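The values are calculated or read from the model by the stated rules, or taken from the named source; none is laboratory data. On a predicted model such as this, the values are computed, not experimentally measured, just so you know. A quick note on method: Cβ atoms are made from the backbone with ideal geometry, for glycine too, and the neighbour counts reach across all protein chains shown. Protein only, heavy atoms only, side chains kept; ligands, DNA and RNA dropped before computing areas. Shrake-Rupley method; radii C 1.70, N 1.55, O 1.52, S 1.80 Å.
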Number of protein chains: 4
Amino acid sequence: MATSLTEFAHRGYRGAKTEDIAQKAVVSKGIIFRYYKNKAHLYMATLKFATDRIESVADYSVWHDAQDLDAMIVNATKYKIQLQLQYPEEFKLLLDAYAEASDAPSALKHEIAEFYNNQTSANMANMIDPILNRLPIRNNVSRKTIQGLMLGVLDQVGAETKTLMQKKPDADLTDFDDIIENVRGYIDVLEHGFLKKE
Amino acid sequence: MATSLTEFAHRGYRGAKTEDIAQKAVVSKGIIFRYYKNKAHLYMATLKFATDRIESVADYSVWHDAQDLDAMIVNATKYKIQLQLQYPEEFKLLLDAYAEASDAPSALKHEIAEFYNNQTSANMANMIDPILNRLPIRNNVSRKTIQGLMLGVLDQVGAETKTLMQKKPDADLTDFDDIIENVRGYIDVLEHGFLKKE
Amino acid sequence: MATSLTEFAHRGYRGAKTEDIAQKAVVSKGIIFRYYKNKAHLYMATLKFATDRIESVADYSVWHDAQDLDAMIVNATKYKIQLQLQYPEEFKLLLDAYAEASDAPSALKHEIAEFYNNQTSANMANMIDPILNRLPIRNNVSRKTIQGLMLGVLDQVGAETKTLMQKKPDADLTDFDDIIENVRGYIDVLEHGFLKKE
Amino acid sequence: MATSLTEFAHRGYRGAKTEDIAQKAVVSKGIIFRYYKNKAHLYMATLKFATDRIESVADYSVWHDAQDLDAMIVNATKYKIQLQLQYPEEFKLLLDAYAEASDAPSALKHEIAEFYNNQTSANMANMIDPILNRLPIRNNVSRKTIQGLMLGVLDQVGAETKTLMQKKPDADLTDFDDIIENVRGYIDVLEHGFLKKE
DNA sequence: AATGAATGAGTTTTCATTCAT
DNA sequence: TATGAATGAAAACTCATTCAT
């Protein structure tokens with residue numbers, strides 16, 4: 001599974017060769033087909049393996065426990081970066097899966113969709129609503145707007161992370177301090193933007 | 001080229017078959033190899049075709065001519081959506097190319113990078129700086145922060161667009177009115193966030 | 001290898017089809033490419049197979065053990081004919097290889113050259129010198145001249161052999177008695193020509 | 001024709017591409033097929049072109065005019081070397097043709113056979129018989145033996161010539177003086193071998 | 001008559017999948 | 001259960017030959 005993940009993530013479904021996967025995993029090709037029936041099944045199993053892995057370590061308490069927006073976003077950003085650093089292949093596989101697995105069975109599609117949803121509006125709502133409830137929101141500013149902006153911030157952090165990782169492939173968490181600082185700036189502006197002035 | 005673009009965009013490099021491309025383009029396989037030497041060259045030529053096409057119609061005046069942030073972002077958003085609607089295959093191809101063309105010659109990589117750059121920080125700075133110069137920015141808010149937030153807004157719009165297009169593949173501009181409305185909300189919050197209160 | 005040898009020998013590099021080789025060898029095309037990477041490698045392997053085969057059976061004692069020129073040349077001729085009858089495809093392949101393998105790697109060229117050298121001046125010198133040392137050579141006759149004439153005799157025998165084999169493809173050793181008789185005549189004349197008269 | 005000759009001689013029937021022949025001859029592919037119907041016909045025409053060229057310049061008087069064996073063979077050798085230097089491609093094409101044109105029409109085969117015959121026993125007999133008639137031949141030495149030995153000498157000269165040309169591709173006639181000297185040695189030995197001692 | 005773009009049958013090559021051991 | 005040699009359908013690629021211009 002680990003080898004399969006690496007190969008599919010780096011080369012895509014068609015680019016990954018069963019021969020290579022077997023060789024790098026130090027097993028025979030035959031055994032792969034005994035356990036996974038065919039390449040498509042192997043791919044799906046790998047997809048599931050990746051989502052399970054991320055799901056098993058994902059710790060949403062970083063969201064729930066935060067007392068204010070700044071803390072929440074900073075923690076969440078740190079956490080997401082850490083996750084992406086720790087599981088870059090899982091992320092890449094799942095990000096590509098949507099496009100590649102257009103003819104995958106619906107069970108798989110569900111799993112993939114799940115992964116995506118964790119980064120979308122609905123999920124964001126759950127996370128930040130409790131905090132927003134405690135804050136005085138300026139008139140004319142909808143929850144949806146704030147959620148969109150927060151997602152935008154996360155997208156932007158994702159982009160900045162990607163850029164940094166391309167420049168410095170073996171980065172560790174401290175290399176991301178600048179990005180965390182940027183996030184603080186974003187949140188500060190957002191709060192000024194949607195909170196009532198007293 | 002048009003057929004090649006469609007096939008590569010929909011099926012990826014390996015999924016696209018030269019036979020199919022030839023057949024759909026109503027030409028013979030042979031002539032493809034006469035002009036493009038091999039599949040890899042055909043892919044690169046298609047990439048160039050896509051970037052050229054987008055570059056040839058891209059009209060950056062929507063950015064320069066705007067008098068305020070709201071107008072600029074709204075126009076730019078409309079324009080980008082329109083472009084993406086008009087050239088969905090070009091966008092898809094180029095978005096995937098980054099991952100697929102890991103062993104492409106550097107000349108091609110340059111082209112792809114170019115396409116990506118048009119959606120990054122450096123470009124954003126050029127666009128919005130003239131407008132920011134005319135506005136009273138709150139202390140403690142850096143240009144970089146504002147640029148990052150703007151990019152976040154664009155990313156978010158991109159995501160919302162993608163989602164909408166998946167739900168409604170044959171959408172037209174009017175279907176995107178809600179998204180435009182969202183953008184207005186985002187900008188309003190941002191401006192409240194980084195402008196000095198009088 | 002055996003089938004490959006036959007096909008390449010009869011049809012040349014380009015005329016031999018991998019499909020045919022596979023079919024006649026009662027194996028699949030695929031397995032050929034697994035073992036030999038591509039057609040060029042298969043050809044080289046076949047070349048090596050042919051040289052090895054001939055080298056492995058070549059018994060140069062027929063040269064060394066002879067006590068006089070007549071015995072040596074007659075034995076050698078018989079032996080060479082026998083070899084060529086036994087390995088006609090190997091001979092044909094290697095004879096053609098020199099022309100075909102103009103872009104072969106130098107390792108291969110070495111092998112081919114080796115095969116050719118066994119039929120040249122340097123080799124001939126080694127073989128007949130011990131015998132010539134025991135004979136009274138007429139003044140004005142150089143070793144080189146005698147070697148050249150011996151090679152000429154061998155060339156001529158080769159030509160006569162080829163002609164006979166074309167007329168009678170399934171000839172056996174006894175069919176070559178006339179040629180052996182010719183050789184005796186040649187040697188007789190040569191000896192009269194270069195030995196001192198007592 | 002000249003280009004065709006060069007290409008076929010260097011690459012063989014299958015290795016020569018009509019595209020290349022056309023390009024190097026600075027004509028269109030189309031015109032080749034108009035004049036020669038197909039590749040096989042082009043090949044045959046080229047073969048005929050080569051034999052005609054050699055036949056048109058071949059001057060057999062060098063054989064007939066000689067008064068003694070030494071003069072004859074030396075002249076003939078010089079002449080043959082000159083011919084081979086002047087028409088290396090024609091020689092190569094015709095030498096290969098025998099193997100390649102196994103399915104050529106019989107008319108062609110006749111032409112090729114003709115070329116070969118000029119270098120065989122029957123032809124040799126015509127050439128040297130008049131001279132031998134004037135010489136006292138030792139008992140027990142047959143005409144056939146002498147012819148065979150003379151052919152052997154010519155073969156050997158051919159081999160020496162080939163070797164020299166490979167070492168020194170742009171050799172001229174004077175570079176072959178050593179070979180001519182060798183020939184003198186060969187003939188001297190042969191004459192001593194088959195003439196009656198007085 | 002001359003051109004060279006276009007064709008497609010024919011070859012080489014790849015790779016998921018099977019199966020004897 | 002595990003192996004990896006063997007298979008052959010499917011893809012890439014070549015090139016003699018045709019044909020519109």
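If you count Lys pairs in the range C:56-194 whose Cα atoms are under 21 Å apart, skipping same-chain pairs closer than 8 places in sequence, the total is 12. Extending 7 Å from the Cα toward the beta-carbon at both residue A:184 and residue B:41 defines two label points whose distance is 5.6 nm. Size descriptors for the protein assembly as shown: radius of gyration and Dmax over Cα atoms are 42.0, 142 Å. Mean separation of Cα pairs under 8 Å and 6 or more residues apart, divided by the residue count, gives chain C a relative contact order of 23 percent. How much mean residue ellipticity at 222 nm does the protein assembly as shown get from its helices, if each DSSP H run of length 4 or more adds -39500 (n - 2.57) and you divide by all residues, to the nearest 500 deg cm²/dmol? Rounded to the nearest 500, the figure is -24500 deg cm²/dmol. Excluding ligands, DNA and RNA, the accessible surface per residue across the protein assembly as shown is 52 Å² with a 1.4 Å probe. Principal-axis analysis of the Cα atoms of chain A puts helix A:2-15 at an angle of about 80° to the longest axis. Under a 5 Å amide H cut-off, with hydrogens placed 1.01 Å from N, residue B:195 pairs with B:138 among residues at least 5 apart or on other chains. In a reduced charge model with +1 at each Lys and Arg Cβ and -1 at each Asp and Glu Cβ, the protein assembly as shown shows a dipole moment near 880 debye about its Cα centre. Can you return the lysines within cross-link range of residue B:29? Criterion is Cα-Cα under 24 Å, with same-chain partners fewer than 8 residues away left out. Excluding near neighbours in sequence, the set is B:17, B:37, B:39, B:48, C:17, C:29, C:39, D:17, D:29, D:39. Of the residues making up the range A:121-148, those losing 50 Å² or more of accessible area when the isolated chain is joined by the remaining protein chains, with a 1.4 Å probe, are A:138, A:145. Kindly tabulate the residues in the range D:167-198 with an accessible-area decrease of at least 10 Å² between the chain alone and the assembly of all protein chains, using a probe of 1.4 Å. Buried on complex formation: D:182, D:185, D:186, D:188, D:189, D:190, D:192, D:193, D:197.
Per-residue packing, averaged as other Cβ atoms within 10 Å, sorts the ranges C:11-19, C:129-137 into the order C:11-19, C:129-137, beginning with the highest. Counting only the Cα atoms, the range D:128-198 fills a convex hull of 94 Å³ per residue. Each residue of the range C:182-190 is assigned a 3J(HN,Hα), and the resulting list reads 4, 4, 3, x, 4, 5, 4, 4, 4 Hz, derived from the Karplus form 6.51 cos²θ - 1.76 cosθ + 1.60 (θ = phi - 60°), x at Gly and Pro. Helix D:39-57 sits at what angle to the longest principal axis of chain D, using alpha carbons and giving 0 to 90 degrees rounded to 10? Roughly 40 degrees between the two axes. In whole angstrom, the range D:56-194 maps to an equivalent ellipsoid with semi-axes of 27, 20, 13, each derived as √(5λ) from the alpha carbon gyration tensor and ordered largest first. For chain D, the Cβ-based charge dipole about the Cα centre amounts to some 720 debye (Lys, Arg positive; Asp, Glu negative; other atoms uncharged).
Principal-axis analysis of the Cα atoms of chain B puts helix B:88-100 at an angle of about 80° to the longest axis.
Solvent-accessible area lost on pairing C with D (1.4 Å probe, both sides summed) amounts to about 2300 Å².
Only protein atoms count toward the accessible area here, which uses a 1.4 Å probe; on the protein assembly as shown, the carbon and sulfur part of that area reaches 52 percent.
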